[in-house]
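This report concerns only the one structure given below.
The values are calculated or read from the model by the stated rules, or taken from the named source; none is laboratory data. Owing to the predicted nature of the structure, the values given are computational and were not obtained by experimental measurement. Glycine also receives a Cβ, built like all others from the backbone with ideal geometry; neighbour counts cover every protein chain displayed. Accessible surface is based on the protein model in full, side chains and every heavy atom, while ligands, DNA and RNA are left aside. Shrake-Rupley method; radii C 1.70, N 1.55, O 1.52, S 1.80 Å.
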Amino acid sequence: MKHLLSLEKLPVADFEKILRDAVVFKKERGAHHTQPLAGQTWALMFSKSSTRTRVSFEVGIRELGGNVMFLNANDIQLGRGEPIKDTARVIGRMAHGAVIRTFAQSDVEEFAEFSKIPTINALTDDEHPCQVLTDIFTFEEFRGPIAGKIVTFIGDGACNMPVSWIFAAAKLGLELRIAAPKEFQPSSDILKRAGGRIIVTADLNAAASGADLLYTDVWVSMGKEAEAAERIKILSGYQINQKLVKLAKPDALVMHCLPAYRGKEIDAETFEANAETIFTQAENRLHTQKAVLNWTVS
Ligand code: CP
Ligand code: NVA
């Protein structure tokens, strides 16, 4: 039984297979010769908002021959306090796979354990593995192998996105630089667990210098709304803008997992100048999701 719960636990060979298959799923969209989810019904159980992840999984599951059922966590008994392990044991007896977006990483892990069906982490407070798989696929589509390249993450360096990048970096042999104020730097425990070449600094200019990819994410992640004013104050300045782009390599890519808040983590001019990359990255969620789904059932 395969689950995608965390990039930390994804073997390198599987990482590479998913990336290779995503290329094929993109090229053969509309003409897939296999329907790996034929006869299956997958449950999407989401406790947080989503545009890209929800749409890419719903379309992807259907295009691979499966049926999909979207469950807003507030509309099912989970929202009224039914334990995750009971919910998992019910859904696991009816559905063939689950895609879960929630708060605690332990909830996704518990769901996988008790449901006994392939379970995919569609974002938790700790990780967003599907997004980083897509990001790497997108980088390689534009620029070739990411091994040996410099990826600079600017902003909230302790949220799910940089953490998934941290686990990817060591496995794929890229240099990851995280530029964040000290309040929002990743924990030393995560850095130790991941290994690899990771530089954490508060100096965003040094981190951007010579980078192949500048990457950012929102300053206020879902679930952190109560801290919004303080976060905006502390993170102010940790922005991808034209001044920062000039420090990176001349052909550096700029990416954003979206949704974007112009004037906060990225300025409007830089966002629009890189819209083709950013929306290709968004589209690539679909192709990568298919590769992930196919991997879980093969
Ligand atoms: N990037 C991403 O996961 O977007 P959604 O929150 O819209 O799914
Ligand atoms: N860090 C962001 C990612 C959104 C895709 C969040 O958790 O809200």
Just a yes or no: is a residue in the stretch 199-218 small (Gly, Ala, Ser), surrounded by fewer than 22 Cβ atoms within 10 Å (Cβ to Cβ), more than 16 Å from ligand 1 (Cβ to nearest atom) and within 21 Å of Ser49 (Cβ to Cβ)?
no
If we ask which residues in the stretch 162-203 are part of a loop (DSSP other than H, G, I, E, B) and charged (D, E, K, R), their number turns out to be 1
Could we say that Leu4 is in contact (Cβ under 8 Å) with a residue 60 or more places away in the chain, in contact with a Ser or Thr (Cβ under 9 Å, 6 or more places away or on another chain), within 17 Å of Glu283 (Cα to Cα) and open to solvent by less than 10 Å² (accessible area, probe 1.4 Å) here?
no
Inspect all residues belonging to the stretch 173-185 and state whether any of them is closer than 28 Å to Glu276 by Cβ, under 19 Å from the mean Cα position of the chain (by Cα), among the charged types (D, E, K, R) and surrounded by fewer than 22 Cβ atoms within 10 Å (Cβ to Cβ).
yes
Can you tell which of Ala158, Ala179, Ala147, Ala170 is touching a strand residue (DSSP E or B) at 6+ places or on another chain (Cβ under 7 Å) and either among the β-branched types (Val, Ile, Thr) or touching a residue at least 24 places away in the same chain (Cβ under 8 Å) (or both)?
Ala179
For the stretch 138-161, name all the residues that are more than 13 Å from ligand 2 (Cβ to nearest atom), open to solvent by less than 10 Å² (accessible area, probe 1.4 Å) and assigned to a helix (DSSP H, G or I).
Thr138, Phe139
From the list Lys243, Lys290, Lys233, Lys264, exactly one residue is touching a Phe, Trp or Tyr at 6+ places or on another chain (Cβ under 7 Å), at pLDDT 95 or above and open to solvent by 70 Å² or more (accessible area, probe 1.4 Å). Which is it?
Lys264
Within the stretch 262-283, how many residues are hydroxyl-bearing (Ser, Thr, Tyr) and under 20 Å from the mean Cα position of the chain (by Cα)?
2
Among the residues of the stretch 105-124, the number that are in contact with a Gly (Cβ under 6 Å, 6 or more places away or on another chain) and within 16 Å of ligand 2 (Cβ to nearest atom) is 0
Taking the residues in the stretch 40-58 that are farther than 24 Å from Arg93 by Cα and in contact with a helix residue (DSSP H, G or I) (Cβ under 6 Å, 6 or more places away or on another chain) as candidates, determine which candidate is nearest to ligand 2 (Cβ to nearest atom).
Arg52
Looking for whichever is charged (D, E, K, R) and under 17 Å from the mean Cα position of the chain (by Cα) here; the options are Arg52, Arg80, Arg29. Which one fits?
Arg52
